[in-house]
Amino acid sequence: MKYLFSPELQEKAEDISKSIFPHIKIEHIKCFRSQGSKSRGTIARCHALGKVMQKALGREAFYVLEFISERFDKLPEEEKTKTIIHELMHVPKSFGGGFKHHDFVNHRNIKNMYEQYLKLKEQSLQSSFTDEGKI
């Protein structure tokens with residue numbers, strides 16, 4: 001397995017987090033692309049630094065979002081965004097090192113969060129366009 005930090009995915013995750021996941025401490029999340037995974041059907045994974053490791057290392061919770069290049073990179077942009085949202089949804093509001101499971105992170109909730117994200121991005125674009133007209 002190869003792991004490469006992805007500035008592009010990090011930037012996208014930061015944008016999504018600022019828009020719809022304000023509880024996420026983005027400085028405690030890093031996005032990586034991986035190559036060579038043997039897992040079948042997995043597009044991305046969320047890894048956490050658990051409580052006992054946090055205590056042992058004397059640091060706060062930390063999450064790594066891993067995007068499996070062989071599958072993720074082939075997705076259309078909309079599906080890439082939904083996948084990033086999916087992985088960010090695993091991070092609980094407590095930001096304590098745990099996970100929200102797939103009873104919450106499901107297609108319906110991902111779709112709702114994606115629509116909310118698009119709506120906020122559209123409002124932001126309209127606002128910046130309106131602000132430019134006022135100059």
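Summary table
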read-out	value
Rounded tilt (10° steps) of 107-133 against the dominant C-alpha axis of the chain	40
C-alpha long axis of helix 77-89 to longest principal axis of the chain, angle in °	60
GNM flexibility winner over the chain from Glu70, Glu27, Glu115 (Cα, springs under 10 Å)	Glu27
Length-normalised contact order for the chain - Cα pairs under 8 Å, 6+ apart - percent	25
Cα-based radius of gyration of the chain once divided by 2.2 N^0.38 Å, which approximates compact folds	1.14
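No lab work stands behind these numbers, since they all come straight from the coordinates. Owing to the predicted nature of the structure, the values given are computational and were not obtained by experimental measurement.
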